[in-house]
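Quick notes on the structure that follows.
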Amino acid sequence: MPDCVFCKIVKKELPSSTFYEDEYSIAFLDIKQVSEGHSLVISKKHYENFFDVDPVVLQHIILSVQKVVQRLTKALGIAGMNISTNNGRPGQEVFHLHFHLIPRRAGDNLMMWPATSMSPEVLKIMAERIRKFF
Ligand code: 5GP
Ligand code: ZN
């Protein structure tokens, strides 16, 4: 994709702090750090997101995510990591498949999502609606 910022990083047309590369993916530090060491694992090939990625390629990439997480936690000396992926709007800014690796540290007070408790009755109705699509 000519105008895709992550494709440009893969092709080294834009600078990045890439610290890992394999056949299917690369990992580098996010330019905006949610916490110290916040990294992205992205596909080398352009896919918009989780919805359209080839399932076989996805298997390789998720294994790369695991490998990077195992090493990154050691490198940073931490035990916790949030792994997330934004897909579609709202939420996704760069439409090239990527996983956020967000290091967690005790007392960081990072709030990933504000959450609301729901009654079992409401959850039951919601699950019934969703189940029709499986
Ligand atoms: P999302 O699409 O999941 O909302 O976020 C895309 C992420 O890519 C953001 O956290 C943003 O800071 C990061 N990002 C966007 N452009 C660049 C870039 O040129 N270099 C790096 N290292 N990160 C980028
Ligand atoms: Zn791209």
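The values are calculated or read from the model by the stated rules, or taken from the named source; none is laboratory data. Nothing here was measured: the structure is a model prediction, and the numbers come from that model. As a convention, Cβ positions derive from the backbone with ideal geometry for all residues, glycine included, and neighbour counts pool all protein chains shown. Each accessible area value is taken on the protein alone, full model and side chains, heavy atoms only, with ligands, DNA and RNA left out. Shrake-Rupley method; radii C 1.70, N 1.55, O 1.52, S 1.80 Å.
Around Lys11, with a cut-off of 14 angstrom between Cβ atoms, what is the net charge of the other residues, counting Lys and Arg +1 and Asp and Glu -1?
So the surrounding residues net to +1.
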Inset, instruction - Can you work out the accessible area per residue across region 1-128, with the rest of the protein chains kept in place, probe 1.4 Å, in square angstrom? - result: 65 Å²
Legend entry - Viscosity 1.306 mPa s, temperature 10 °C, Stokes-Einstein D of region 30-76 from Kirkwood C-alpha radius, µm²/s: 133 µm²/s
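In Å³ and rounded to a whole number, note down the convex hull volume per residue for the Cα atoms of region 1-47.
Details: hull volume 3.6 nm³, N = 47.
Hull volume normalised by residue count: 77 Å³.
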Inset, instruction - First check a/c for the chain, with a ≥ b ≥ c the square roots of the eigenvalues of its C-alpha gyration tensor; if it is under 1.5, answer rounded, and if not, answer prolate when a/b is larger than b/c or oblate otherwise. - result: oblate
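By the gyration tensor of its Cα atoms, with a ≥ b ≥ c the square roots of the eigenvalues, what is the shape of region 88-134: rounded for a/c under 1.5, prolate for a/b over b/c, or oblate?
Verdict is oblate for region 88-134.
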Inset, instruction - Would you calculate a helix-derived [θ] at 222 nm for the chain, using -39,500 (n - 2.57) for each DSSP H run of n ≥ 4 and dividing by the full residue count, to the nearest 500? - result: -9500 deg cm²/dmol
Legend entry - Accessible-area value, Val122, 1.4 Å probe, nucleic acids and ligands omitted, Å²: 60 Å²
Legend entry - Modelled FRET efficiency - R0 41 Å, Ser17 with Lys132, Cβ distances, 0.05 increments: 0.35
Inset, instruction - Note the angle between two axes, namely the Cα long axis of helix 55-76 and the longest principal axis of the Cα atoms of the chain, as a number of degrees from 0 to 90, rounded to the nearest 10. - result: 80 degrees
Inset, instruction - For the chain, please report how many Lys pairs fall under 30 Å Cα to Cα, leaving out neighbours fewer than 8 apart on the same chain. - result: 24
Inset, instruction - Rounded to the nearest 10 degrees, what's the angle between the helix 120-131 long axis and the longest principal axis of the chain, both from Cα atoms, 0 to 90? - result: 60 degrees
Inset, instruction - Check each of the trypsin sites (Lys or Arg not before Pro) in region 79-130 and keep only those in coil by DSSP with at most 15 other C-beta atoms within 10 angstrom; list them in order. - result: Arg105
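Could you tell me whether region 44-121 comes out rounded, prolate or oblate from its Cα gyration tensor? Rule is a ≥ b ≥ c as square roots of the eigenvalues, rounded for a/c under 1.5, then prolate if a/b exceeds b/c, otherwise oblate.
Numbers: a/c = 1.99, a/b = 1.11, b/c = 1.80.
In terms of gyration-tensor shape, oblate.
Of the peptides 80-93, 4-17, how do they stack up when ordered by the mean number of other Cβ atoms within 10 Å, highest first?
Working: 80-93: 12.9, 4-17: 14.6.
The peptides rank, most packed first, as 4-17, 80-93.
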